[in-house]
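Reviewing the structure listed below.
Where a number appears in this text, it was derived from the coordinates with a stated rule and is not lab data. Model, not experiment: these values are computed from the prediction. Positions of Cβ are backbone-derived with ideal geometry, glycine not excepted, and every protein chain shown enters the neighbour counts.
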Amino acid sequence: MVAAGEPVISVDTKKKEMVGEYDNGGVEWQPEGEPVRVNVHDFVDPEQGRAIPYGIYDVANDEGWVSVGDTAEFAVNSIRSWWYEMGRLRFPQATKLLITADAGGSNGYRNRLWKKELAALAAECGLAITVCHYPPGTSKWNKWNTACSASSP
């Protein structure tokens, strides 16, 4: 599909990340002898909660789009946002959209709300949407194939 100019995206929910004072912002270097005071524990702050990144990877353009949330409606809305903000500009002649996803969670193959929302998106955008689900635990090794199901406008 990529060779034909049709968009191919891979979607996945990443691990929960703490936000606020306890977030893991990576490494920050300080001048010697001037350490930054930090908390000794990284417990979840009930007021801050956790952020759940939902990633969309555009295979043809090697670019990503990340939103925060984890429900079937949210997942499809993330794809919708990607399509209207990036996808339709990059693929103006597109008639199809191939989505690769793991087999569980908000974009799982058994999730009826995911299917319903994808069908609504297909009708709204005029795209034939095909989803290929990876078996559990294999999405990190597979590119884009396995058992497919389709939703058309």
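Here are a few things to note about the model shown:
- For the range 74-81, Karplus couplings with θ = phi - 60° (6.51, -1.76, 1.60), whole Hz, Gly/Pro x: 5, 4, 5, 5, 5, 5, 4, 4
- Using the Cβ-Cβ distance between VAL68 and ALA123 with R0 set to 35 Å, the FRET efficiency from 1/(1 + (r/R0)^6) comes to roughly 0.85.
- Ordering of 117-129, 98-110, 57-69 by burial proxy (mean other Cβ atoms within 10 Å per residue, highest first): 98-110, 117-129, 57-69
- Peptides 87-95, 4-12 ordered by average Cβ neighbours within 10 Å, highest first: 4-12, 87-95
- Cβ-Cβ FRET estimate between ALA60 and GLU32, R0 fixed at 35 Å, reported to 0.05: 0.15
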